[in-house]
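Some notes on the structure that comes next.
The values are calculated or read from the model by the stated rules, or taken from the named source; none is laboratory data. Every value quoted in this text rests on a predicted model; they were computed, and no experiment measured them. Cβ: placed from backbone, ideal geometry, glycine included. Neighbour counts: every protein chain shown. Ligands, DNA and RNA are stripped out before the accessible areas are found, and what is left, the full protein with its side chains, is counted by its heavy atoms. Shrake-Rupley method; radii C 1.70, N 1.55, O 1.52, S 1.80 Å.
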Amino acid sequence: MEDEAPEAIHVPDHGEAMRIAEALLFASAAPLSAEELAGRLPEGADVEKILQDLAELYALRGVNLVKVAGKWTFRTASDLSFVLARDVVEQRKLSRAAMETLAIIAYHQPVTRAEIEEIRGVATSKGTIDLLLETGWIRLRGRRKAPGRPVTYGTTPAFLEHFGLDAIEDLPGLEELKGAGFIEGRVPSDFSVPIPSDADALREDEDPLDDDLLQPLDMHQTEAGEE
């Protein structure tokens, strides 16, 4: 008896798969991961190739396909942002204290409130931390294995999405900060910008959070004035 011929492998049309992915990305209110797209594309579609081709297709258009927080989304081309400036609803700007606190958390995470205050050199109010938690840009990670078991803070995927970053490692380093004018004058020889990490896994000096999430221990400290 002759062997049966192997069943032909169906390869989906690449162009049609691109059209479907394009429609899904346009219709989605939030960025989509490659895995999420794969689940809705024809079986066997080369998702990575599709995303690469779409990114190249839109590279010179008014909207670009970009990767933020490990997911894909369409964003207005950066050189055209001024055109839409009048249509953007102005959001309340963060205070200097909130911006400094957010930057410290982003670069030094996991970090406690006391460590934030040590870096800033001034007290950090509970209101500042609460505001950043409400924006969804920072999160409670765990508790430091130290007296008082203070809460540790880290950034969230929403932080990456808002600032257009694919990964926390995309935050500017020392040379980029100097080039942008954020660091001026002579920099001490031992000065360095930490390499940030927002890994979900707790570190050796962290314990899991307890059930008392709404009443973290380090927020009961007496608040001092904040600059």
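Whole-Hz Karplus values for the stretch 94-104 come out as 6, 5, 4, 4, 5, 5, 5, 5, 4, 5, 5 Hz, taken residue by residue from phi with 6.51 cos²θ - 1.76 cosθ + 1.60 and θ = phi - 60°; glycine and proline positions read x. At a Förster radius of 30 Å, what calculated FRET efficiency corresponds to the Cβ-Cβ distance of VAL122 and ALA201, to the nearest 0.05? After rounding to 0.05, the efficiency reads 0.45. Computed from backbone phi with θ = phi - 60° and the Karplus coefficients 6.51, -1.76 and 1.60, the 3J(HN,Hα) list for the stretch 42-51 is x, 4, x, 5, 7, 5, 4, 5, 4, 5 Hz; x is used for glycine and proline. Within the full protein context, the accessible area of HIS14 is estimated at about 70 Å² for a probe radius of 1.4 Å. Using a probe of 1.4 Å, the accessible surface attributed to TRP137 totals some 30 Å² when neighbouring protein chains are kept in position. Ordering ILE20, ILE168 by accessible surface, largest first, gives ILE20, ILE168; the 1.4 Å probe counts only protein heavy atoms, with every chain in place.
Cross-link partners of LYS145 among lysines, defined as those whose alpha carbon lies under 26 angstrom from its own and excluding same-chain residues fewer than eight positions apart: LYS126. Annotation: amide H of TYR58 within the under-5 Å range of LEU65, sequence separation 5 or more or interchain, hydrogens built in the peptide plane. Take the solvent-accessible surface of the protein heavy atoms, probe 1.4 Å, and return the percent of it on the stretch 21-148 that carbon and sulfur atoms account for. Of the solvent-accessible surface of the stretch 21-148, carbon and sulfur hold 53 percent. Taking Cβ atoms as reference points and 12 Å as the exclusive limit, the residues near PRO196 contribute a net charge of -3, counting Lys and Arg as +1 and Asp and Glu as -1.
With the whole protein complex present, ILE119 retains an accessible surface near 80 Å², based on a 1.4 Å probe.
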